[in-house]
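Q: I'd like to ask some things about the structure below.
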Amino acid sequence: MADISKTLGESWEEYQATHDLLSNNDLLNKLHWSDSAHQYSDYGLHTNNVKLARPQPPKNLQPGQQPPMQQQLEKERVVKNQPSLRFVDTFGYVSLFPFLLKIVDPSSEKLEQIITDLRSTKLLWTQYGLRSLAKNAALYGKHNTEHDPPYWRGSIWINMNYLAVSALHHYSTTPGPQQEQARILYKQLRNNLVNNIIKEYERTGYIWEQYDDKTGEGKGSHPFTGWSALVVLIMAEKY
């Protein structure tokens, strides 16, 4: 926005100040780097100790009133431990945003940790692309509600993978200690994404909303030539 404003001869200083603030690595590390998890994390009220459970029938039934059958009661979210102010140390797409937006300094030790985590099959790495939530996360593959299957809790999303491929391309062409590792991962992730999307298109005739992290099979809405069409830019290496 600052560059556009300069080109148009408009005021640009506020846009530039916002950019400088949001790309300040010292401030980013102070507010969002979790030393215990060795990752960038959200901070706020959080607990992982939750589950979906059917509520007990009401105890204040009127005379002659029959309690509802247990299976007719919809499961509800039950919080077993009250949330507390803490880093949300679950690893997923959200942990990668400073990397995805190319904010992390190429010489930062944090970048080394991110790239190490990126290629871990216990976290996000699959042969089909990066899954949305780490395989070892408490909520991985869990339903959002009884009738709402997992959505961003494991599936592979092409919009986020596009940002990851773009970031790896950036760090692979920018001098720094992680340049070679970024180059290797860039090539592998790009090939995994393109090969799987083409395979599924040939198998089903569709581009899909998301892809299964275990099988690579297309899932969700189809045809979906929204952000999944970003595969064309990945193939052309247009970032």
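Q: According to a simple spin-label model (label point 7 Å from Cα along Cα-to-Cβ), what is the distance in nm between Leu31 and Lys80?
A: Placing both labels 7 Å along Cα→Cβ, they lie 3.4 nm apart.
Q: I would also like to ask the following. Starting from 0.36 nm per residue, how many nanometres of slack lie between Ala236 and Lys187 once their C-alpha separation is accounted for?
A: That works out to 16.3 nm of additional length.
Q: Follow-up question, since we're still on this one. In what order, largest first, do Arg77, Arg183 sit by accessible area if the probe radius is 1.4 Å?
A: Listed by decreasing accessible area, they come as Arg77, Arg183.
Q: Could you list which residues have their amide H under 5 Å from that of Leu139, counting only those 5 or more apart in sequence or on another chain, with H placed in the peptide plane?
A: Here nothing satisfies the definition.
Q: Val88's amide H: which non-local residues (gap 5+, or another chain) put their own amide H closer than 5 Å, with H modeled 1.01 Å from N in plane and none for Pro or chain starts?
A: The list, which skips near neighbours in sequence, is Asp42, Tyr43, Gly44.
Q: Ordered by residue, what ³J(HN,Hα) values in Hz, to whole numbers, does the stretch 43-53 give under the Karplus form 6.51 cos²θ - 1.76 cosθ + 1.60, where θ = phi - 60° and Gly and Pro are x?
A: 10, x, 6, 7, 8, 9, 8, 9, 7, 9, 8
Q: Through the Karplus equation 6.51 cos²θ - 1.76 cosθ + 1.60, θ set to phi - 60°, convert the phi angles of the stretch 205-218 into ³J(HN,Hα) values in whole Hz; use x for Gly and Pro.
A: Values per residue, Gly and Pro as x: x, 10, 8, 10, 5, 8, 9, 5, 7, 9, 10, x, 5, x Hz.
Q: To continue, here is another question. Round to the nearest 10 and report in Å² the accessible area of Ser11, as given by a 1.4 Å probe over the protein chains' heavy atoms.
A: 90
Q: Mind listing the long-range amide H neighbours of Gln39? Cut-off is under 5 Å, sequence gap 5 or more, other chains count too, H placed in the peptide plane at 1.01 Å from N.
A: Distant-sequence amide H within range of Gln39: Ser34.
Q: Starting from the residue with the highest accessible area, list Met235, Met160, Met1 in decreasing order, probe 1.4 Å.
A: The ordering from most to least exposed comes out as Met1, Met235, Met160.
Q: Also: Tell me the accessible surface of His170 in square angstrom (1.4 angstrom probe, heavy atoms of protein chains only), to the nearest ten.
A: Estimated to the nearest 10 Å², His170 gives 60 Å².
Q: Further question on the same structure: Determine one quarter of the surface area of the Cα convex hull of the chain, which equals its mean projected area, and express it in nm² to one decimal.
A: Here the figure is 18.6 nm², rounded to one decimal.
Q: Counting only heavy atoms of protein chains, what accessible area per residue, in Å², does the chain have with a probe of 1.4 Å?
A: Per residue, the chain has 59 Å² of solvent-accessible surface.
Q: I'd like the carbon and sulfur percentage of the solvent accessible area for the stretch 87-239, probe radius 1.4 Å, heavy atoms only, ligands and nucleic acids excluded.
A: That fraction is 54 percent.
Q: Top to bottom by accessible area (1.4 Å), largest first, where do Trp157, Trp12, Trp33 land?
A: Trp12, Trp33, Trp157
Q: Please give the charge dipole size of the stretch 1-149, origin at the Cα centre, charges +1 on K and R Cβ atoms and -1 on D and E Cβ atoms. Round to the nearest 20 debye.
A: Dipole of the stretch 1-149, to the nearest 20 debye: 1100 debye.
Q: Assign one of three labels to the stretch 1-50, namely rounded, prolate or oblate, based on the Cα gyration tensor with a ≥ b ≥ c the square roots of its eigenvalues; rounded applies when a/c is under 1.5, prolate when it is not and a/b is larger than b/c, and oblate otherwise.
A: It is prolate, given that a/c is not under 1.5 and a/b is the larger ratio.
Q: Run the numbers for Ser120 and Leu61: contour at 0.36 nm per residue of separation, minus the present Cα-Cα distance, in nm.
A: Between Ser120 and Leu61, full extension yields 15.9 nm more.
Q: Report the relative contact order of the stretch 65-219, percent, no decimals, based on alpha-carbon pairs under 8 angstrom and at least 6 residues apart.
A: Taking the mean separation of contacting Cα pairs over the length of the stretch 65-219, I get 21 percent.
Q: Quick one: among Leu118, Leu139, Leu73, which has the greatest mean-square fluctuation in a GNM of the chain with alpha-carbon springs under 10 angstrom?
A: Greatest mean-square fluctuation among the candidates belongs to Leu73.
Q: Across 5 Å bins from the origin, how do the percents of Cα pairs in the stretch 103-239 run, short distances first?
A: The distribution over the stretch 103-239 is 2, 10, 20, 21, 19, 14, 8, 4, 1, 0, given as percents.
Q: Moving to a separate point now. What is the percent carbon and sulfur in the accessible area of the stretch 1-60, measuring with a 1.4 Å probe over the protein chains and ignoring ligands?
A: 54
The values are calculated or read from the model by the stated rules, or taken from the named source; none is laboratory data. Worth saying up front: this structure is predicted, and the values here are computed from it rather than measured. Cβ atoms come from the backbone with ideal geometry, glycine included; neighbour counts cover every protein chain shown. Accessible surface is based on the protein model in full, side chains and every heavy atom, while ligands, DNA and RNA are left aside. Shrake-Rupley method; radii C 1.70, N 1.55, O 1.52, S 1.80 Å.
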